[in-house]
Each structure stands twice: as C-alpha cells, then as structure tokens.
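Q: Input: one structure, supplied below.
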C-alpha cells in the first residue's frame with residue numbers, strides 16, 4: 001500500500017514538472033526559416049554574429065549589436081521576432 005501511494009505521488013509530481021516545462025518558442029520545425037537567413041538579417045542591421053544555436057525552441061544568438069553591446073537574444077524561428085534578450 002505504501003509503495004502504491006509513493007508511486008502515485010512520484011508520477012503525479014513528475015507529470016506536473018513536465019507540464020510546466022515548455023519551450024519559449026513553439027513553432028513546428030517545418031515552419032522554421034534557415035539560421036543563415038536570420039544571420040543575414042541581423043548582419044544587415046549591423047550585428048556581428050558569434051554563434052547561432054537552437055535553444056528552448058528558438059534561435060539563440062550570441063552577438064554584438066550595432067551599438068557594440070554584447071547580446072544573448074532569442075528569436076522566433078518562423079518570424080525572426082525578438083522573443084527575449086539578456
């Protein structure tokens with residue numbers, strides 16, 4: 001009986017954690033634009049790109065913006081809209 005209660009408690013807690021974990025961007029992969037297109041867009045705005053990778057369902061960009069400020073920014077992979085910046 002105790003094992004049943006502990007198992008139920010464990011699985012309900014794990015399920016709640018999974019429900020809380022969600023991607024910052026939720027665009028299906030088949031709708032994503034290529035990373036190169038985002039890089040071209042940002043470079044056209046004066047950014048110097050160091051690295052682009054996928055994180056939290058978004059394109060995460062490490063760069064220096066047109067004003068020389070170091071940026072860590074997240075962009076929607078479909079629209080290239082800025083989602084979050086650190």
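Q: May I ask you to say which residue of 9, 24 is over 22 Å from the mean Cα position of the chain (by Cα) and at pLDDT below 95?
A: 9
Q: Related question: Residues of region 22-74 being without any contact (Cβ under 8 Å) to a residue 40 or more places away in the chain, surrounded by fewer than 16 Cβ atoms within 10 Å (Cβ to Cβ) and in a helix (DSSP H, G or I), which ones?
A: 29, 30, 36, 40, 41, 43, 44
Q: I'm told residue 77 meets every condition in (1) surrounded by 18 or more Cβ atoms within 10 Å (Cβ to Cβ); (2) part of a loop (DSSP other than H, G, I, E, B); (3) more than 12 Å from the chain's Cα centre (by Cα) except one. Can you identify the failing condition by its number?
A: (3)
The values are calculated or read from the model by the stated rules, or taken from the named source; none is laboratory data. The structure presented is a predicted model; accordingly, all values stated were derived computationally and were not measured. In this analysis, Cβ positions are derived from the backbone assuming ideal geometry, glycine residues included, and neighbour counts consider all displayed protein chains.
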